[in-house]
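In what follows, a single structure is set out as structure tokens and then discussed.
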Amino acid sequence: MAEQKIILANIPRLMRDMLNRILFKADNLEVVQEVADYQNLPSAIEQFDADWVLMELPDVEQMPEWVDTYIDIYPSVHFMAISTDSSRVTMKWLENREEKFTDLTLPDLIHILES
């Protein structure tokens, strides 16, 4: 299985640290960049050929509108937003496909990222 390259984008420090520890232990996942400002995402995606962008799920529980623009530009990238309490996850990818999950376990999260 090919290693999945992940960018952590604008995630609060505590959550970012937790994700780094979890993803570091996974065999096929690598955090290649942390981006504090969404405007820097295009260059990071291009530089590292990222497979995933992980970010904080806004309180409105919907992906930000700018994600659709990035999906159009980078159709191979999957976007995953995680709530600050980690109880809700929303994924969006090619052709504006969107899926929502609640109460994912860590093995579930890793499985999704590796597939």
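In this simple spin-label model, placing a label point 7 Å from the Cα along the Cα-to-Cβ direction at both E61 and F101 gives a separation of 1.7 nm. Sites listed here are GluC sites (Glu not before Pro) in region 13-81 whose DSSP assignment is loop and whose Cβ has at most 10 other Cβ atoms within 10 Å: E65.
In this simple spin-label approximation, D27 and S87 carry label points 7 Å from Cα along the Cα→Cβ vector, and these lie 3.4 nm apart. Using the Cβ-Cβ distance between S43 and N20 with R0 set to 22 Å, the FRET efficiency from 1/(1 + (r/R0)^6) comes to roughly 0.60. A cut-off under 15 angstrom between Cβ atoms defines the neighbours of S87, and their net charge, with Lys, Arg +1 and Asp, Glu -1, is -4.
Per residue of the chain, the DSSP helices (runs of n ≥ 4 H) give a summed -39500 (n - 2.57) that works out to -9500 deg cm²/dmol at 222 nm. Around the Cα centre of the chain, unit charges on the Cβ atoms of Lys, Arg, Asp and Glu (plus for the first two, minus for the last two) sum to a dipole of about 280 debye.
Here, each number is a calculation from the coordinates, and none is a lab measurement. In this text the structure is predicted, and so the values were computed from the model without any measurement. All Cβ positions, glycine included, derive from the backbone under ideal geometry; neighbour counts span all protein chains shown.
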